[in-house]
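Novice: The structure follows.
The values are calculated or read from the model by the stated rules, or taken from the named source; none is laboratory data. In this text the structure is predicted, and so the values were computed from the model without any measurement. Here the Cβ is made from the backbone with ideal geometry for all residues, glycine too, and neighbour counts use every protein chain on show. Calculation scope for accessible area: heavy atoms of the full protein, side chains included, ligands and nucleic acids excluded. Shrake-Rupley method; radii C 1.70, N 1.55, O 1.52, S 1.80 Å.
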Number of protein chains: 2
Amino acid sequence: DPTGDALAAAAAASSLVFLGTGCSGALPDARCLIQPSAPPCTVCSQALSLPPDRNPNYRCNTSLLIDYCHDNDTHKYILIAVGKTFREQVLRWFVHHKVPSVDSIILTHDHADAVLGLVDVWVVQSSNHRNDVDDQVAVFLTQFTMDSVAARFPYFVKRELEEGDETARLDWTIIESDVNKPFVSSGLEFVPLPVMHGEGYVCLGFLFGRKARVAYLSDVSRILPRTEISVTKTC
Amino acid sequence: DPTGDALAAAAAASSLVFLGTGCSGALPDARCLIQPSAPPCTVCSQALSLPPDRNPNYRCNTSLLIDYCHDNDTHKYILIAVGKTFREQVLRWFVHHKVPSVDSIILTHDHADAVLGLVDVWVVQSSNHRNDVDDQVAVFLTQFTMDSVAARFPYFVKRELEEGDETARLDWTIIESDVNKPFVSSGLEFVPLPVMHGEGYVCLGFLFGRKARVAYLSDVSRILPRTEISVTKTC
């Protein structure tokens, strides 16, 4: 059964799901629709008229889901960035690709379009037993981003949750903005790729993958020489 | 032309747009779709299959838009609560009802499902001249909510915005949780209706309207006696 073989091979493979490739405000830009120009913006008009899988113009905040398959049958779901539009991304793409849950999250920087979806992560936890330590979602982030998230969402870092709290149970791990300090998330190794996101602000991209090497840079205005050297040497 | 008269009358009338009547997590609940029960939840399944205007099952965070028409031809748009799903609500309902912008915002309390959409308010400002004081959106909120918002989003309260900042230009007014302290937002008077939202936490509802009196309570577990007396006396 060649069709069955192909399906089995696909099911046993890793894949990348681009949950979003849009700007911080996402597309459609509501201004194009409620304060339309003459003639109206066709990109934003079309964004509301087509279903998700045939619609390149509905673009949520930049975010990547890695469906990491190892040992041929175990899938781990690793999310890079969880922005303002995370709920929409779950409804559009988790449902479409039959992604049941998220195992770990890697944060790139502390802007709203990269972290604000943390408030909705509880819906993609693997279990409803959210006070069970085994069901925590691992989150990897710099100390700078940790401090920012803790200031905005103190309830994420307090130890005790009340019964019925609609809050994800998260397990925080601090990483460094250093190409020489790789870390392992859900069994997969990631090399941090510090880049400038506007001068004076560092954002992290990540280098990962065993069979194929992938460098993922979501927000970058200038690539640092040491980051470029690291990517060139290992890809 | 009776049809024309009816349209003109409708255009010159105030109206209420319920932007959301859902729970804090909104509907559909992504868990019903990515970790479906047997049999699957029909409400959440249907929520993805119908267009907005025929879909009672796609319910965003609780929020009310008051289209306040005075002097027969001037419309002011007043928003009560601006939650996590505000972007979706703009795309679904502002476009459908041809709402061009928001003039003022009233906050009920500081939870994410009532305030987090502040990060997207800049798209519904009336002008792109967002550093013009005349184009600020007035926001009414208690000191408690102000302190919470300022801690989460310090860039909303700093005075100087940089060119190109995707940040709403907001003008904050502190109100009191007191039925005897009405305030005026975009020309319409509102009476605060303090209610308990869980014991130990006060949320505000509001009483408003000239021809018809409307009491809007979005999150309430127990109505306080003084609030009930106030509503009973004036409705």
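Novice: Only bridges whose two residues both fall in the protein assembly as shown count here: according to DSSP, what percent of them are antiparallel, nearest 5? Walk me through the intermediate numbers first.
Specialist: Numbers: 56 of 80 bridges.
Roughly 70 percent of the beta bridges in the protein assembly as shown run antiparallel, per DSSP.
Novice: Hey, got the average number of other protein chain Cβ atoms within 10 angstrom for residues in B:26-32? Please report the intermediate quantities before stating the final value.
Specialist: Working: counts 4, 0, 4, 1, 11, 8, 2.
Across the residues of B:26-32, the mean count of other-chain Cβ atoms within 10 Å is 4.
Novice: If a/c stays under 1.5 just call it rounded; otherwise compare a/b with b/c (prolate if a/b is bigger, oblate if not). Do that for the protein assembly as shown, with a ≥ b ≥ c from the square roots of the Cα gyration tensor eigenvalues. Don't skip to the end; give the middle numbers.
Specialist: Working: a/c = 1.69, a/b = 1.66, b/c = 1.02.
Prolate.
Novice: Same structure, new question: Just check chain A against the gyration tensor rule for me: Cα atoms, a ≥ b ≥ c as the square roots of the eigenvalues, rounded for a/c under 1.5, and otherwise prolate or oblate depending on whether a/b exceeds b/c.
Specialist: Details: a/c = 1.16, a/b = 1.11, b/c = 1.05.
Verdict is rounded for chain A.
Novice: Give the lysines reachable from A:Lys181 as a straight Cα distance under 26 Å; neighbours fewer than 8 places away on the same chain don't count.
Specialist: Hits, sequence-local ones excluded: A:Lys76, A:Lys211, A:Lys233.
Novice: Between B:His70 and A:Thr234, what is the label-to-label distance in nm when each label sits 7 Å out along the Cα-to-Cβ direction?
Specialist: Using points 7 Å along Cα→Cβ, the separation is 6.3 nm.
Novice: Further question on the same structure: Of B:His109, A:His96, A:His70, which has the most accessible area and how do the rest follow, probe 1.4 Å?
Specialist: Largest accessible area first, the list is A:His96, A:His70, B:His109.
Novice: Let me ask another. Just to make sure I understand: if all protein chains stay in place, what is the order of B:His97, B:His197 by accessible area at 1.4 Å, largest first?
Specialist: Values: B:His97 90, B:His197 50 Å².
Result of the area sort, largest leading: B:His97, B:His197.
Novice: Taking the rotation axis that maps chain A onto chain B, which residue of A brings its Cβ closest to that axis, and at what distance in whole Å?
Specialist: Of all Cβ atoms in chain A, the one nearest the axis gives A:Arg152, 2.
Novice: Something else about it: Given the options A:Ile174, A:Ile34, A:Ile223, which has the most mean-square fluctuation in a GNM of chain A, springs set between C-alpha atoms less than 10 angstrom apart?
Specialist: Most flexible of the set in this elastic network: A:Ile34.
Novice: Can you pull the accessible area of B:Thr142 for me, 1.4 Å probe, Å² to the nearest 10?
Specialist: 20
Novice: With a 1.4 Å probe, how much accessible area is buried between chains A and B, both sides summed, in Å² to the nearest hundred? Let's see the in-between values first.
Specialist: Numbers: alone 12540 and 12560 Å², together 22030 Å².
Using a 1.4 Å probe on protein heavy atoms, the buried area is about 3100 Å².
Novice: Considering chain A as a Gaussian network with a 10 Å cut-off on Cα pairs, which listed residue, A:Glu88, A:Glu199, A:Glu176, attains the greatest mean-square fluctuation?
Specialist: It is A:Glu199.
Novice: Which value, in debye to the nearest 20, gives the size of the charge dipole of the protein assembly as shown about its Cα centre, when Lys and Arg are +1 and Asp and Glu are -1 at the Cβ? Present the calculation step by step, with values, prior to reporting the outcome.
Specialist: Values: 40 positive and 56 negative charges, 78 e Å.
Roughly 380 debye, rounded to the nearest 20.
Novice: If you count, for every residue in A:88-96, the Cβ atoms of partner chains within 10 Å of its Cβ, what is the mean? It would help to have the intermediate numbers written out before the result.
Specialist: Values: counts 4, 1, 5, 10, 1, 0, 4, 9, 1.
Partner-chain Cβ atoms within 10 Å, mean over residues of A:88-96: 4.
Novice: Separate question: Mind putting a number on the dipole of chain B about its Cα centre? Charges go on the C-beta only, +1 for Lys and Arg and -1 for Asp and Glu, and I need it in Debye to the nearest 20.
Specialist: Working: 20 positive and 28 negative charges, 162 e Å.
Magnitude of the dipole: close to 780 debye.
Novice: Do you know the relative contact order of chain B, to the nearest whole percent, from alpha carbon pairs under 8 angstrom that are 6+ apart? Walk me through the numbers before you get to the answer.
Specialist: Numbers: 430 pairs, mean separation 30.6, N = 235.
Here the relative contact order equals 13 percent.
Novice: How large is the accessible surface per residue of the protein assembly as shown, computed with a 1.4 Å probe and reported in Å² as a whole number?
Specialist: Working: 22030 Å² over 470 residues.
The answer is 47 Å² per residue.
Novice: A follow-up question, please. On the accessible surface of chain B, probed at 1.4 Å, how many percent belong to carbon and sulfur atoms?
Specialist: Numbers: 5890 of 11020 Å².
Of all accessible area on chain B, carbon and sulfur atoms account for 53 percent.
Novice: Please average, across the residues of B:41-49, the number of beta carbons from any other chain that are within 10 Å of each residue's own beta carbon, and give a whole number. Can you show the working numbers first?
Specialist: On the way: counts 0, 0, 0, 2, 1, 0, 1, 6, 1.
Per residue, the average neighbour count from other chains is 1.
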